[in-house]
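Everything on this sheet refers to the single structure shown next.
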Amino acid sequence: MFKIGDEVTVLDDSFSGRVKAFKGGKIIIETNEGFELAFEEKELVKNHNSNELKSLISHQSVNAVLKEKEEPRKRSFVKEKKSRKDDFVLEVDLHIEKLVPNKRGMSNYDILTLQSDTAKRQLEFAIKNRMQKVVFIHGVGEGVLKAELDFLLGRYEGIDFKDADYQKYGLGATEVYIKQNPNR
């Protein structure tokens with residue numbers, strides 16, 4: 001399904017890159033940041049260019065699509081109240097084992113840098129998409145990643161952070177609240 005040179009995106013993550021090689025049933029990609037990571041085929045999706053996408057949908061008749069859209073549908077007028085608990089919470093696990101398939105050859109500095117960059121990228125994503133809450137799971141350890149995370153979060157205006165719910169995450173997580181209207 002994939003060929004060397006294909007542009008791909010990793011499902012369930014914010015990585016993208018180019019297929020570089022195939023090794024041991026895994027697909028090796030080089031990320032846009034220059035890292036080489038191995039994934040299974042089911043973890044990747046090929047990025048199609050617009051001409052390929054047009055050819056995929058061009059076989060559908062415009063009239064058939066319009067007819068489907070014009071058919072009346074039953075509408076429900078029951079308005080459901082949505083509680084605050086139903087809001088989506090982005091959980092980001094910063095354990096290195098969750099970020100790369102193999103950490104061999106990575107120094108502690110490389111690991112901390114990747115974890116910090118991932119946290120920053122996910123926080124920017126949450127702010128851009130107007131999410132109200134993000135939980136960073138960093139683990140307990142020696143506290144180096146937590147200190148780095150606290151430093152990173154302290155540089156942002158319009159966010160509050162604290163230790164996450166102990167019953168759900170234990171001691172190794174930080175909860176971030178993003179204020180949607182910081183000027184008010």
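Summary table below
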quantity: Positions within the stretch 152-184 being under 21 Å from the mean Cα position of the chain (by Cα), of a type in the set (S, T, N, Q) and in a loop (DSSP other than H, G, I, E, B), in sequence order; calculated: Q180
quantity: Qualifying residue in the stretch 103-122 (condition: charged (D, E, K, R) and modelled with pLDDT under 90); calculated: yes
quantity: When residues of the stretch 1-40 are limited to those that are surrounded by 12 or more Cβ atoms within 10 Å (Cβ to Cβ) and of a type in the set (K, R), the one farthest from E91 (Cα to Cα); calculated: K20
quantity: Out of L149, L123, L112, sole residue that is in a helix (DSSP H, G or I), touching an Asp or Glu at 6+ places or on another chain (Cβ under 8 Å) and surrounded by 15 or more Cβ atoms within 10 Å (Cβ to Cβ); calculated: L112
quantity: Residue within the stretch 73-90 that is at pLDDT 70 or above and under 18 Å from D163 (Cα atoms) present; calculated: yes
quantity: Inter-residue pairs, beta-carbon under 9 Å, first of a type in the set (D, E) and in the stretch 21-33, second assigned to a loop (DSSP other than H, G, I, E, B), 6+ apart; calculated: E33/F15
quantity: Residue identified as at pLDDT 65 or above and not in a loop (DSSP other than H, G, I, E, B) among E97, E52; calculated: E97
quantity: Selection count, the stretch 128-146, where residues are in contact with a helix residue (DSSP H, G or I) (Cβ under 6 Å, 6 or more places away or on another chain) and assigned to a loop (DSSP other than H, G, I, E, B); calculated: 1
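The values are calculated or read from the model by the stated rules, or taken from the named source; none is laboratory data. None of the values given here were measured: they were computed from a predicted structure. For neighbour counting, all protein chains shown are included, and Cβ atoms are generated from backbone atoms with ideal geometry for every residue, glycine included.
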